[in-house]
Amino acid sequence: MTAPLLDGQTSTVVTALSALAIGIAFGWTLERAGLGNARKLVGQFHLTDLTVFKVMFSALVTALLGVFWLGRLGWLDVGRLYLPETFLVPQLTGGLIFGVGFALSGLCPGTSCVAAASGRLDGLAAVAGIMAGVWTIGWFIQPLSRFYESTSRGAVTLPDVTGIPSGVIVLAVVSLALAGFRVAEWIEARRT
Amino acid sequence: MDRSTPHLNARSTLAVVAASLALLAALAGEPRPTTVDVGALARQIATEADHVDATTVARWIKSRRSDLRIIDVREQSEYDEYHIPTAEHLPLERLTALARSSDTTVLYSGGGAHGAQAWVLLRALGHAKVAVLSGGIDEWTTEVLHPIVPPDAAGPQAAEAVDLAVYFGGTPRVQPRAIDETGSRSDRARAVPPRRRGC
Amino acid sequence: MSRRQPQPYADPYIAGVSLGLVLLAAFVIVGRGLGASGAFATAASNLTARIDPQAASNNPFFSPYLTSNLFADWLLVEVIGVFIGGAASAWLAGRARIAIDRGAGVSSWGRLGFSAAGGLLMGIGAILARGCTSGQALTGGAVLAVGAWLFIPAAFAAAYAVAPLIRWTWR
C-alpha cells in the first residue's frame, strides 16, 4: 500500500492518535535540541549560537531527501501530499512581520509551546501573544481580503515554476544547507 | 565546547549520506517511480474509480468547492464556444504543463475519449486525485443542462436536477408521461442519469 | 519540579535529522506535515464561537475553523502533543522549572512584554503567510513550495534586522 497511509476514510480516533504521536515526537525533539529556551534561540540572530539554523535545515534536508526517494521508489505518492498554496505578496509580507515578532520574543509558535510546557513563563506569554495576534488579524481578513488573496499562484513548487527538475533543486538545497553548516561552524568557532 | 569524535563522525557521516542522496536525486530527476503501476491504474479504470458523473461535478461547482479544478482538454475554439463553468482550458498536447496540486482535478473532453486518455497520462505522471467526466461535455449537456424530468417534477432527485439545470443556465426537458405500461419509458422519465459505459 | 542535574542538549544536527524523520513520518502517515499556527487559529476561532457564536460564524476567517469536535482537528491535537512531548523531554532532562528565560538587561515583566508583543506579530504574520516556521519554513520548505521559500528568507531577514536593536535585553 502506498503512503500516505491514512486518508479521509480513516477513523477520527486513529487520525487523532497519529496527530498526538507526531506532535509528541515533534515537541520532544525541539526540547532536546534546546529550542525550548529563548536565550538559546536568539543566539541565532546574534550569531553566537546557530542551533536554529542547524536544526531547521537538517530537518528540512532530511524530509526533502526522504520525500524524493520514497516517491522515486514508489512507496510514497507525492501527488497526494498536502502542498500549501502560494500567495506571493501576503506570504512575503507575513514572513517579514513574523520575523520581527520572532526576534522580539525569541520563540516561534512551535517552540513557544515547548517553552511553555517546560515551565517558562515567557513561553506562555508568547503563546498568549500568538493567540491574540491570530484573533486580531481574524477580524481584518475580510476587509483585507483583496490583499490576503492577492498574487495567488496556486499550489506550486519550485520545480513547477522554474522548470528545473526536482532532483536538481534538491541538490541545490542540500548543497546550500551543507555549505551553510560549514559557515555556521566557522561563525560559532570565532566566538570562542 | 563539545568536539568529541563520535559527534564528528556522526556529523560527517550524515553530511556524506545527504550529499550522495542529493547527487543521485539530481541524476534521477523526479520523485516519481520510473515504472508506471499499470496494474493499479487498470484496476482503477475497471472499477470506475476514475469516473465522476456530471451531476456530482455540478454539485461540486455549485457548492463552490475550493479544492476543485476542472480542466477542459478540447481545442481552444470548442472551449470558447462553451465550457463547463469554472473550467480551465488546457489542450491535450500541453497536458504536461499542468502543475501538481492537492486539488481534485476533473478532466473532460467532448465525448470522453480524450478526457479518459488525459486521465491515464496524468496518473502516469504521478498526479493524484484525478477524475474524468466520462461522458464529457455531451454528458454535461444531457444530464445537467437538459435533464429529463417527469412533468410533476416530484421527488428530491427531480427537484435537484431542475435546480442544477437552472443554476447552470440550462433548461430541463419534461418527459411526457409513459404510455407503455411495461415501465421502460417511465424508467427514462425518472431524472436518474443513465450510467454511461465505455470511454 | 525536577531536581536532576540538567542534561546537555542534543547535537543540533542529530536533533535536526530526527525532526526531519518526524516530519517525514507525518508525510507518510497522514500526507501532511507539521504545523503550529493553524492550531492557534482553530483555538481562537472556537473560543470566539463560545463567546459570540453569530460573530464567529459570520467571520469568513474563523468560520472554516469552527468544529463541534476539537479532537478531529489534526493540528490542534498535534500541538497538544507538542506540549506533552516538550514537557516530557524537559522533565526527564532536568530542565523543567517555572522560570523566565531572559537576559540581565531587562526585567521579568519587560521580558514577558517583549515575548507577548513578539507573539502578537507572529500571530499576524503567520496567518498572512499561511503558516509559521513549522508549517511553512519546515514543511513547505521540504516539499519545495514556492511560498515557503519566500517566507524563509523574509522571516530570517526581518529577524536579523530587528535583533540587534533589542540585543540589550539579552545582555
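The values are calculated or read from the model by the stated rules, or taken from the named source; none is laboratory data. Nothing here was measured: the structure is a model prediction, and the numbers come from that model. Every residue, glycine as well, gets a Cβ built from its backbone with ideal geometry; the counts of neighbours run over all protein chains shown.
Look at the stretch A:155-176: where a residue is without any contact (Cβ under 8 Å) to a residue 60 or more places away in the chain and a partner is surrounded by 19 or more Cβ atoms within 10 Å (Cβ to Cβ) and among the basic types (K, R), sitting 6+ places away or on another chain with Cβ atoms under 9 Å, you get A:P159/B:R100; A:D160/B:R100. Do you know which of the residues in the stretch B:12-22 that are within 7 Å of chain A (Cβ to nearest Cβ) and out of contact with any Phe, Trp or Tyr (no Cβ under 7 Å at 6 or more places or on another chain) is nearest to B:T96 (Cα to Cα)? The residue in question is B:A22.
The residue of the stretch B:123-147 that is modelled with the highest pLDDT, among those that are farther than 16 Å from B:R74 by Cβ and of a type in the set (A, V, I, L, M), is B:A131. Restricted to the stretch C:139-171, and to residues there that are more than 7 Å from chain A (Cβ to nearest Cβ) and either in contact (Cβ under 8 Å) with a residue 24 or more places away in the chain or among the aromatic types (F, W, Y) (or both), the residue that is farthest from A:G95 (Cα to Cα) is C:R171.
Scanning the stretch A:31-62 for residues that are among the β-branched types (V, I, T) and under 12 Å from A:C108 (Cβ atoms), we see that the one that is farthest from the other protein chains (Cβ to nearest Cβ) is A:V52. Only residues that are more than 7 Å from chain C (Cβ to nearest Cβ) and without any contact (Cβ under 8 Å) to a residue 60 or more places away in the chain were counted across the stretch A:117-126, and they come to 1.
The set of residues in the stretch A:63-85 that are at the interface with chain C (Cβ under 7 Å from one of its Cβ atoms), crowded, with 24+ Cβ neighbours inside 10 Å and at pLDDT 95 or above comprises A:A63, A:L64, A:V67.
Find the residue count for the stretch A:2-30, including only residues that are closer than 21 Å to C:S37 by Cβ and either more than 7 Å from chain C (Cβ to nearest Cβ) or not polar (S, T, N, Q) (or both). Lay out the reasoning, then the answer.
Step one: list which residues in the stretch A:2-30 are closer than 21 Å to C:S37 by Cβ, which gives A:15-16, A:18-30.
The next check asks that each one be either more than 7 Å from chain C (Cβ to nearest Cβ) or not polar (S, T, N, Q) (or both); those that pass are A:16, A:19-28, A:30.
Residues in the stretch A:2-30 being closer than 21 Å to C:S37 by Cβ and either more than 7 Å from chain C (Cβ to nearest Cβ) or not polar (S, T, N, Q) (or both): 12 in total.
Would you tally the residues in the stretch B:46-59 being touching a residue at least 12 places away in the same chain (Cβ under 8 Å) and in a helix (DSSP H, G or I)? So the count comes out to 5. Of A:T136, A:T93, all but one fail to be surrounded by fewer than 22 Cβ atoms within 10 Å (Cβ to Cβ), within 23 Å of A:L41 (Cα to Cα) and not aliphatic (A, V, I, L, M); the exception is A:T93.
Number of residues in the stretch C:104-138 that are within 7 Å of another protein chain (Cβ to nearest Cβ), out of contact with any Cys (no Cβ under 7 Å at 6 or more places or on another chain) and in contact (Cβ under 8 Å) with a residue 40 or more places away in the chain equals 7.
Taking helices (runs of 4 or more DSSP H) that do not extend beyond the stretch A:7-90, which have at least 1 residues that are aromatic (F, W, Y) and free of Cβ contacts under 8 Å to residues at least 12 places away in the same chain? Reasoning before the result, please.
Working: elements: A:12-32, A:38-42, A:51-72.
Fully inside the stretch A:7-90 and qualifying: A:12-32, A:51-72.
Scanning the stretch C:59-76 for residues that are surrounded by 22 or more Cβ atoms within 10 Å (Cβ to Cβ), closer than 20 Å to A:G133 by Cα and within 7 Å of chain A (Cβ to nearest Cβ) returns C:F61, C:F62. Restricting B:A25, B:A54 to those that are within 7 Å of another protein chain (Cβ to nearest Cβ), touching a helix residue (DSSP H, G or I) at 6+ places or on another chain (Cβ under 7 Å) and among the hydrophobic types (A, V, I, L, M, F, W, C) reduces the list to B:A25. In the stretch B:44-64, the qualifying residues are those that are under 10 Å from the mean Cα position of the chain (by Cα) and either modelled with pLDDT under 90 or over 17 Å from B:A128 (Cα atoms) (or both), and the one that is surrounded by the most Cβ atoms within 10 Å (Cβ to Cβ) is B:V57. Scanning the stretch C:26-58 for residues that are in contact (Cβ under 8 Å) with a residue 60 or more places away in the chain and more than 9 Å from chain A (Cβ to nearest Cβ) yields a single hit, C:G38.
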